[in-house]
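This report concerns only the one structure given below.
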Amino acid sequence: MRRARLLTGIPVLLAALASLTPLTAAASETGGDTFTTFVLGPDGAVYSWRAGDSTLRPLPPTLARLGTRPVNDLEVSGDGGTMVVLVGSSLGTGPRHRRNEGSALVVSIPPPPAQPWILNEIAFDGEGRGVEVSPDGRQAYVLALRAGTNAPGEPTRTWLHALDLIAGRVESSAQIDKPPGAIALDPAATRLYLAYSGRIVSYTTHPLARSWHYRSPGANRGLYFRPRSAVLHAVRMGHVALFDPAIIAALRPEDRQKREDDATALVSLSFTADSLVFSRDGLLAAACGPGNILAFLDPGTGRVLATSEDASLDPDREMRPFYFGAGPGDLVVASFPDREVRLIHPPAVAPEADVRPPQAAVDAAP
């Protein structure tokens, strides 16, 4: 599940990052319907939600420290036990060009009724703008930026930082050419993907180094992985593009060289989407776009099941889907600034014998 990032206090050069992936939630499940979720609001504040509540709650006292600092992003590990929160940087007392320190708070999320608490804080160069956490909660990967000084023509510096959450330190760093529009970590935590216009660049995580890239024409607005799947999903305006590494590996080298788009399947939408959220079991997905329009997808077949322009999703409010339960679960949406929570029940999906994208879809992409 991916998240909303409201980037404030950053030069216009970085405005494209505001649409990184507009879904933010970190969920700790303990079985059944008992779990707590932390949601990043458009005001940079973090709220909590307990399953069944009709409104978002303030943070528990054990996380009061988060209430005093603006938050740029947060993400939870796949096992639900660790959350990483990127807090806004504070400029040091020295000259601006010397230091612009960012930091990540590592939060332990025990099963209820125990309260979460902050384990440690890890400092790094630049200000953290996006974070991915490994499924086991041992590593995190941070996209960090440092805006140029007032000197004419000084560029923004961009890093990828690998954090060791157990040792509480930066394990390695790689400086990259320019800020991507989105980042994603594969379920095996072996490769990071960075979205740019026209391409999706991959980085290995051990070592943290640039590798190959996918050709992906147009604006790649968000990157996502279906739970327990190696298939990368890229939101490209009116489409969701799928990149299945098994299908791509089966292509002859000469055939792949002829392709202008490495996507192995395309799902067409009736609106411009900017984000995607998967159900916990990966059997459904919801594509989200401006004006609070939603489309429910069957990732196994690539079918659009329904498009909702429900009047309950007020287009004049900031509506953020932040949790999608396993089937037949609901899509949970928070409304801002009232912090009310609404449930949207998805359409039923007939069971499929094979939920992988069909091989024939290779030829569907341009």
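Here, each number is a calculation from the coordinates, and none is a lab measurement. All values reported here derive from a predicted model rather than from experimental measurement. A quick note on method: Cβ atoms are made from the backbone with ideal geometry, for glycine too, and the neighbour counts reach across all protein chains shown.
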Measure off 7 Å from each Cα along the Cα-to-Cβ vector at A348 and D79, then give the distance between these two points in nanometres to one decimal.
-> 3.8
Amide H contacts under 5 Å for D136, placed H, 5+ residues apart = G78
Put in order of increasing Cβ neighbours within 10 Å, starting from the fewest, Y193, Y47 give Y47, Y193
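If you rank D136, D125 by fewest surrounding Cβ atoms within 10 Å, what's the result? Please report the intermediate quantities before stating the final value.
Working: D136 14, D125 18.
The most exposed by this proxy come first: D136, D125.
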Could you pull out every residue, at least 5 positions away or on a different chain, whose amide H is within less than 5 Å of the one on R226? Hs are placed 1.01 Å off N in the peptide plane, and Pro or chain starts have none.
-> V231, H233
Could you put M237, M319 in order, starting from the residue whose Cβ has the fewest other Cβ atoms within 10 Å?
-> M237, M319
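Based on the mean of other Cβ atoms within 10 Å per residue, sort peptides 71-79, 244-252 so the most packed one is first. Walk me through the numbers on the way to the answer.
On the way: 71-79: 22.3, 244-252: 13.8.
By packing density, highest mean first, the sequence is 71-79, 244-252.
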Grab the Cα-Cα distance for D330 and R228, subtract it from 0.36 nm times how many residues apart they are, and report the gain in nm with one decimal.
-> 34.7 nm
Mind checking the full-extension length gain between A249 and V304? Use 0.36 nm per residue of separation minus the Cα-Cα distance, one decimal, nm.
-> 17.1 nm
